[in-house]
Structures are given as structure tokens and as C-alpha cells.
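Chemist: Dropping a structure here in C-alpha cells format, bear with me for questions.
The values are calculated or read from the model by the stated rules, or taken from the named source; none is laboratory data. None of the values given here were measured: they were computed from a predicted structure. Glycine also receives a Cβ, built like all others from the backbone with ideal geometry; neighbour counts cover every protein chain displayed. Surface areas here come from the heavy atoms of the whole protein model, side chains and all, with no ligands, DNA or RNA. Shrake-Rupley method; radii C 1.70, N 1.55, O 1.52, S 1.80 Å.
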Amino acid sequence: MELISNPTHDNLRKAAKALTQGNLVIFPTETVYGIGGDASNSQAINRIYRIKNRPSSNPLIVHIANIRTLFNWATDIPKYAQSLVETFWPGPMTLILNRSTGVSDLLTGGQSSVGIRIPSNRIAQDLLLEFEKLGGLGIAAPSANRYREVSSTTSEAAQEGFRNEGSKGDLILNGGACEYGIESTIINCTDTSPSILRPGVITPELIEAYTGIRCGLGENSKGVVTPGMSLKHYSPQTKIFIDQIPKKGDGLIANIDFPTPEGVVRIASPRNLFEYAKTLYQSFEKADSLRVKSLCIYLPDSDSGIAVAIKDRVVKAASR
Ligand code: TXA
Ligand code: MG
């Protein structure tokens, strides 16, 4: 895969062209990096599953440039979902909507719904707009990591994860470290009321404050399967222990106020929840590369806001 370290507008036009030719492009979003292909091209979609080693029953999110394109992919959009769209797009939120006729089973894992998102990251936006100018309807992109490994939040991590993969024409767009560092909030909008299938930085508290809509966690999601949310996920090589005192040679992630015991390797000292989320996956990589004995993580001392998403990811990373 060719790395584009400075994705100028011209480079993004080339990347959009590469997508129309069936190539894959790894690009930054405000959450994590995605590995994208033309969502209307089954060969490109098949390549994404293959390169990630991901089962094709695990559906992909379609990234679109703007709301105009939404109706190519989704239909019967409930009122509450329109309100979510107006409030939180572009941004770190994916909606699961009833799919339009003609949307391929390959994208949706055979489900009657489709995951859609308009990202806010400048490079992602520009790429999507250039792709749209060439007639593209959407970019299918899961996180840019091999199946069940940690999502990449830097172009270096994505490049490392796919170092033996890819073919001529595939590109990696460098956009530095992702703003939020954890994957988008996924909201099921195929029922009479919304429910969160994957917590993220768009929280129930934020949704209620901005829209008045109450959105529970995992409620009301009957019939919708989120195959990628299985318990073992997001795992680094290093074994993780939660809220346990670290021993000599162990790595430690804990709030900045927490002192580092002697002989323990401090991996991260987040000052707040945003910093915690942003550095979490990079910290997993650091623990792996420093080959610490194990990684001790002190969870955030809160059960609301983005602490819910952080805990979700850490608990999943620790279970194997
Ligand atoms: O922040 C993100 O969402 C990133 C960036 C690149 O946009 N993407 C991402 O994609 O995390 P991925 O494929 O790694 O995770 C998407 C999750 C998977 O667990 C998948 O099973 C679920 O969304 N999903 C996608 N479409 C779905 C659908 N129609 N119904 C239920 N779950 C769906
Ligand atoms: Mg993923």
C-alpha cells in the first residue's frame, strides 16, 4: 500500500479516482481510521473482507458525503432518526436504518438494515466529496485493522497492521492521530424508538440534551444483530488486567493522579475522559511494542458519558 503522508486536495482527488477503479484507500476519520472501498462495487467490498480476514456476515458501514445521498441507501427513516441526523452529522455517529432496495447483501451481511455515517474529519469529507463528483455513492469502510485486532488511530498503526497486504493502487492517507480515538456510536433506528448498539462519544446524555430523545443502551434492538460487537474484540497481544495493582514489569494506564509504583512501566496518564479515549488504542500498541508483562488498566471512575464507551472497549480487550 502506498502511503500519502500529506493528503493535499490533489492527492485526495487521486485517491477518489483510485476508489472508482476498485482500489482500497485507508483514510482517517474523527473516530478511527477506516479501510474504504467503493460501496457499489462488490469486488472492492469482497477485497475489504478478505484483507481484514473478516467474515462477510459482519456488515460494513457506508460513509457518505451528505444527506442527499442517504436515500440511495436507506428508506423509511423515522422522525427521531432525522432529528439525530440534523443534530450529530457530520460526526462520530452511525445509524442503522432500513436499507433501500438494491443495497447489496454483501454490505449488510444479509440483514435488512444498513449502517450509514457522515464523518466530520476534513480528509474523510474531502475524499467523499471528490468521490461523489466522480459518481460515487458511498465508501464502505470498516475500521482499518485485521479482524478482532485493535482499531487503528494513526496511519502508522494501519500501515503496520496491513504491512503484508494490499496491492498496487491501494493507498493510505495520513491524517495524524484521530480526534476521538474510539469507534462511532452505533444507533439502531429500525424500531419505534432508538437504541445504542455500540457506545461512543455521542452519548445518551448528549442526545437527550440536544434533541430531547431518550436513547437507551441495547434496548429495543430486537432482530438487529451487530456481529462485530462480540465480547472478544479490540484486543492487543498483551494480557489486560482491570483495576488490579500492577507488579514489577507490568504496564499501567491510569488517571494522571494515580502514582506509578516502582518498577512499573507507565503507558498512559490521561487527564480526562476525552484524553483517555483518544490515547487508549495507541496505549495498547505501546504496551505491545514495549513487551510489558501485562497491562493493568484503571477504569474511569464514572458510569456515564463517554466513560461507558471506554469501559466497553477495555472490558472487551481484557476478555479472551
Ligand atoms: O467509527 C467507526 O464507526 C469506524 C469508522 C471507520 O467509521 N468504523 C467502524 O467499522 O468501526 P467496523 O466495521 O469496524 O464496525 C462497525 C460495526 C460492526 O460491529 C458491525 O457488525 C456493525 O457496525 N454494523 C454495520 N452494519 C450493521 C447493520 N446493518 N446492522 C447491525 N450492525 C451493523
Ligand atoms: Mg472494527
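Chemist: Work out how far the C-alpha atoms of the stretch 1-139 reach from end to end along every principal axis, then list the three figures in whole Å, largest first.
Modeler: Here the spans come out as 41, 32, 26 Å, largest first.
Chemist: List residues of the stretch 262-283, by number, whose backbone nitrogen lies under 12 Å from a label position 7 Å along Cα→C-beta of I256.
Modeler: Residues passing the 12 Å test: 269-276.
Chemist: Dipole size in debye (nearest 20) for the stretch 1-109 around its Cα centre, Lys and Arg Cβ +1, Asp and Glu Cβ -1? Walk me through the numbers before you get to the answer.
Modeler: On the way: 10 positive and 7 negative charges, 44 e Å.
Roughly 220 debye, rounded to the nearest 20.
Chemist: Let me ask another. Pick from I202, I172, I77: which is most flexible by mean-square fluctuation in a GNM of the chain where alpha carbon atoms under 10 Å apart are linked?
Modeler: Answer for the Gaussian network model of the chain: I77.
Chemist: A further question follows. According to the Kirkwood expression over distinct Cα-Cα pairs, how big is the hydrodynamic radius of the chain, in Å? Write out the running numbers ahead of the final one.
Modeler: Details: mean 1/r = 0.0503 Å⁻¹.
Hydrodynamic radius (Kirkwood, Cα only) of the chain equals 19.9 Å.
Chemist: Could you give the length gained on full extension between F71 and R266, defined as 0.36 nm per residue of separation minus the Cα-Cα distance, in nm? It would help to have the intermediate numbers written out before the result.
Modeler: Details: separation 195, 0.36 × 195 = 70.20 nm, distance 4.83 nm.
Here the segment from F71 to R266 would lengthen by 65.4 nm.
Chemist: Please report the net charge: other residues with Cβ closer than 9 Å to the Cβ of T238, K and R +1, D and E -1.
Modeler: Values: positive: K239, R291, K293; negative: D288.
Net charge around T238: +2.
Chemist: Would you mind checking K248/K278; K278/K316; K17/K168; K79/K278 for any pair whose Cα atoms are more than 22 angstrom apart?
Modeler: Details: K248/K278 26 Å; K278/K316 17 Å; K17/K168 14 Å; K79/K278 32 Å.
Checking Cα-Cα distances, K248/K278; K79/K278 exceed 22 Å.
Chemist: Using 0.36 nm per residue, how much length does the chain from D105 to L129 gain when fully extended, once their Cα-Cα distance is taken away?
Modeler: Values: separation 24, 0.36 × 24 = 8.64 nm, distance 2.52 nm.
Stretched fully, the D105-L129 segment lengthens by 6.1 nm.
Chemist: Write down the Å³ per residue value for the convex hull defined by the alpha carbon atoms of the stretch 240-318. Present the calculation step by step, with values, prior to reporting the outcome.
Modeler: Details: hull volume 5.8 nm³, N = 79.
In the stretch 240-318, the Cα convex hull volume per residue is 74 Å³.
Chemist: Counting helices only, and only those DSSP H runs with n ≥ 4, report the 222 nm mean residue ellipticity of the chain as the sum of -39,500 (n - 2.57) divided by its residues, in deg cm²/dmol to the nearest 500.
Modeler: Working: 10 runs with 98 residues, N = 320.
The per-residue figure over the chain is -9000 deg cm²/dmol.
Chemist: Given a 1.4 Å probe, how much area per residue of the stretch 2-217 is accessible, in Å²? Numbers along the way, then the final one.
Modeler: Values: 8450 Å² over 216 residues.
It amounts to 39 Å² per residue over the stretch 2-217.
Chemist: A further question on this structure: Note down the magnitude of the dipole of the chain about its Cα centre, charges +1 on Lys and Arg C-beta and -1 on Asp and Glu C-beta and zero elsewhere, to the nearest 20 debye.
Modeler: Details: 34 positive and 31 negative charges, 168 e Å.
Value, rounded to 20: 800 debye.
Chemist: In addition: On a 0 to 90° scale, report how tilted helix 122-133 is relative to the longest principal axis of the chain, with both axes built from alpha carbons and the result rounded to the nearest 10.
Modeler: Roughly 20 degrees between the two axes.
Chemist: Related question: Tell me the label-point distance for the pair F274, R291, using the 7 Å Cα-to-Cβ offset, in nm and rounded to one decimal.
Modeler: With each label point 7 Å from Cα toward Cβ, the separation is 3.8 nm.
Chemist: Scan around S40 for amide H atoms under 5 Å from its own, H built in the peptide plane at 1.01 Å from N, and keep only partners 5 or more places away or cross-chain.
Modeler: It is L137, G138, by chain and number.
Chemist: Continuing with the same structure: Set Lys and Arg Cβ to +1 and Asp and Glu Cβ to -1, take the dipole of the chain about its Cα centre, and tell me which of T69, P59, T279 lies farthest positive.
Modeler: Towards the positive end, the residue furthest out is P59.
Chemist: Between beta-carbons, use under 11 Å as the cut-off and find the net charge around T94, counting Lys and Arg +1, Asp and Glu -1. Walk me through the numbers on the way to the answer.
Modeler: Working: positive: R117, R198; negative: E183.
Counting the neighbours of T94, the net charge comes to +1.
Chemist: Can you find, among N121, N98, S42, the residue sitting farthest towards the positive end of the charge dipole of the stretch 1-142, where Lys and Arg contribute +1 and Asp and Glu -1 at Cβ?
Modeler: Going by the charge dipole, the pick is S42.
Chemist: Ordering K52, K79, K247 by how much accessible area each has at a 1.4 Å probe, largest first, what is the list? Provide the component values of the computation, followed by the final result.
Modeler: Working: K52 5, K79 170, K247 140 Å².
Final ranking, largest accessible area leading: K79, K247, K52.
Chemist: Distance from the Cα centre of the stretch 260-320 to that of the stretch 59-104, in angstrom?
Modeler: 32 Å
Chemist: For the chain, give the percent of accessible area contributed by carbon and sulfur heavy atoms, probe 1.4 Å, rounded to a whole number.
Modeler: Numbers: 6790 of 13850 Å².
Roughly 49 percent of what the probe reaches on the chain is carbon or sulfur.
Chemist: Mind giving me the FRET efficiency for D243 and S56? R0 is 45 Å, r the Cβ-Cβ distance, nearest 0.05 is fine.
Modeler: Working: r = 37 Å, r/R0 = 0.83.
Taking R0 as 45 Å, the efficiency between D243 and S56 is 0.75.
Chemist: State the extension gain, in nm to one decimal, for the chain segment bounded by K168 and N6, taking 0.36 nm per residue of separation less the distance between their alpha-carbons.
Modeler: Details: separation 162, 0.36 × 162 = 58.32 nm, distance 1.91 nm.
Going from the current span to full extension adds 56.4 nm.
Chemist: Moving on. Taking only Cα atoms and a 10 Å spring cutoff, compute GNM fluctuations for the chain and point out the largest among G110, G138, G181.
Modeler: Answer for the Gaussian network model of the chain: G110.
Chemist: What does the net charge come to around I4 if you take all other residues with beta carbon closer than 14 Å to its beta carbon, with K and R at +1 and D and E at -1? Provide the component values of the computation, followed by the final result.
Modeler: Working: positive: R13, K14, K17; negative: E2, D10, D126, E130, E156, D170.
Once all neighbours under 14 Å are counted, the net charge is -3.
Chemist: In the chain, if the dipole is taken from +1 on Lys/Arg beta carbons and -1 on Asp/Glu beta carbons about the Cα centre, which of C296, G249, I306 is farthest to the positive end?
Modeler: Toward the positive end, the furthest listed residue is G249.
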